[in-house]
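Only one structure is covered here, and it is reproduced in the block below.
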Amino acid sequence: MAMQKLDDTEITRRLDALAGWSLKDGKLHRSFRFEDFVTAFGFMTQAALVAETMNHHPEWFNVYNTVRVDLTTHDAGGISELDFQLAERMNGLFGA
């Protein structure tokens, strides 16, 4: 079953309950900061394993202790339930 794009009202409602995330360029966005590169890379490794089990992969960028993440569902043409699920899992890995 294909994921459906969520409407703006639902996205706004769900963002209010999602610590640290915002809407940027039509995607869910968050920057995670860590103590050092190894910790940031460890987070990315854990998140990659989660993403692979979900078959839903983030757009992300890492420099030293910062990991920037953007989530969107390309097949749905925007933000879907999968994006919120992955964001919540990433927050859990981060301890937020």
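The values are calculated or read from the model by the stated rules, or taken from the named source; none is laboratory data. Being a predicted model, the structure only gives us computed values, none of them experimental. Reconstructed Cβ throughout: ideal geometry from the backbone, glycine too, with neighbour counts over all protein chains shown. Ligands, DNA and RNA are stripped out before the accessible areas are found, and what is left, the full protein with its side chains, is counted by its heavy atoms. Shrake-Rupley method; radii C 1.70, N 1.55, O 1.52, S 1.80 Å.
Given R₀ = 22 Å, FRET efficiency for R68-D8 by Cβ-Cβ distance, to 0.05?
After rounding to 0.05, the efficiency reads 0.45.
Once the Cβ-Cβ distance between E81 and T39 is put in as r, and R0 is 25 Å, what FRET efficiency do you end up with, to the nearest 0.05?
0.30
Using only the Cα atoms of the chain, each taken as one equal point scatterer with no solvent, compute I(q) by the Debye sum, divide by I(0), and report log10 of the ratio at q = 0.10, 0.16, 0.25 Å⁻¹.
So the normalised log intensities work out to -0.24, -0.62, -1.40.
Testing the spin-label approximation: label points 7 Å from Cα along Cα→Cβ at K24 and F61. State their distance in nm.
That separation, rounded to one decimal, is 0.8 nm.
Carbon and sulfur atoms: what percent of the 1.4 Å accessible area of region 1-73 do they account for?
On the way: 2550 of 4730 Å².
The C+S portion of the solvent-accessible surface of region 1-73 is 54 percent.
Calculated from DSSP H runs of 4 or more alone, at -39500 (n - 2.57) each and per residue, what is the 222 nm mean residue ellipticity of the chain, nearest 500?
One gets -13500 deg cm²/dmol as the mean residue ellipticity at 222 nm.
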